[in-house]
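Participant: Structure below; questions to follow.
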Amino acid sequence: MSPTRSLLALTLFTGSLAFAWTQDGTATVTFDAKGPAGFKIHGTSEKAAVADDGKNLKVNVKLEDIDTDNGLRNKHMLEDTHAKDFPVVTLTVPTASLKETGAQEATGTFELNGQKKDVKFSYTSQCQGSVCEIEGSAPLNLGDFGIKIRSYLGVTVKPDITVGAKFKVKK
């Protein structure tokens with residue numbers, strides 16, 4: 001069971017921006033990984049932080065806040081992702097590339113394990129007044145971020161995972 005999958009799956013998001021947005025409520029990030037014979041790992045955190053610096057929308061989550069419902073798997077995930085050295089996973093998206101309504105695709109920079117890579121993601125956003133609800137996801141390959149896939153008790157999780165995020169922002 002490669003907690004490596006657990007990569008937080010880090011952290012996806014979406015948004016729109018003509019002006020500064022602030023987080024409204026809880027932001028949730030997830031990751032889903034698969035292994036042999038239908039084995040699945042789901043990790044989640046409701047402690048993600050969404051921020052707008054005027055140019056970029058950023059979704060951050062501490063790896064230690066991601067839970068896979070298995071303490072040993074969580075420990076392996078933190079070890080495999082070098083969380084002591086790189087405790088936060090971040091998705092950064094230029095706000096000018098985001099749309100306020102509908103289903104969209106965009107590209108952002110995903111940072112994990114001290115490595116950055118541009119990733120394409122899909123998202124939907126629905127706005128009512130000054131509040132927008134955003135949900136997005138992206139496929140990632142852990143090997144692209146220098147993460148070695150662990151085998152545990154003969155089970156090796158695949159390096160391809162899906163990360164997602166869901167949150168609200170307000171103007």
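Nothing in this text is a laboratory measurement; each read-out follows from the coordinates by a stated rule. Since we're looking at a predicted model, the values are computed, not measured. Positions of Cβ are backbone-derived with ideal geometry, glycine not excepted, and every protein chain shown enters the neighbour counts.
Participant: On a 0 to 90° scale, report how tilted helix 71-80 is relative to the longest principal axis of the chain, with both axes built from alpha carbons and the result rounded to the nearest 10.
Facilitator: So the helix axis and the longest Cα principal axis differ by about 80 degrees.
Participant: Let me know the charge dipole size of the chain about its Cα centre in debye, to the nearest 20, where only the beta-carbon of Lys, Arg (+1) and Asp, Glu (-1) is charged. List each step's numbers first, then the result.
Facilitator: Working: 21 positive and 20 negative charges, 42 e Å.
Computed charge dipole of the chain: roughly 200 debye.
Participant: If the reach is capped at under 12 angstrom between alpha carbons, list the aspartates and glutamates near K84, excluding any in the same chain fewer than eight residues apart.
Facilitator: E64
Participant: A follow-up question, please. Please name which of I134, I147, T90 has its Cα lying farthest along the dipole of segment 66-166 towards the positive end, using unit charges on Cβ (Lys, Arg +1; Asp, Glu -1) and the Cα centre as origin.
Facilitator: Sorting the options by dipole projection puts first I147.
Participant: OK, next. Too long at a 20 Å Cα-Cα cut-off: which of K75/K168; K120/K170; K47/K166?
Facilitator: K75/K168; K120/K170
Participant: Would you please give the FRET efficiency between K117 and L153, computed as 1/(1 + (r/R0)^6) with r the Cβ-Cβ distance and R0 = 41 Å, to the nearest 0.05?
Facilitator: With R0 = 41 Å, the Cβ-Cβ based efficiency is 0.85.
Participant: Can you pull the Kirkwood radius for the chain, inverse mean 1/r over Cα pairs, to one decimal in Å?
Facilitator: In the chain this quantity evaluates to 15.7 Å.
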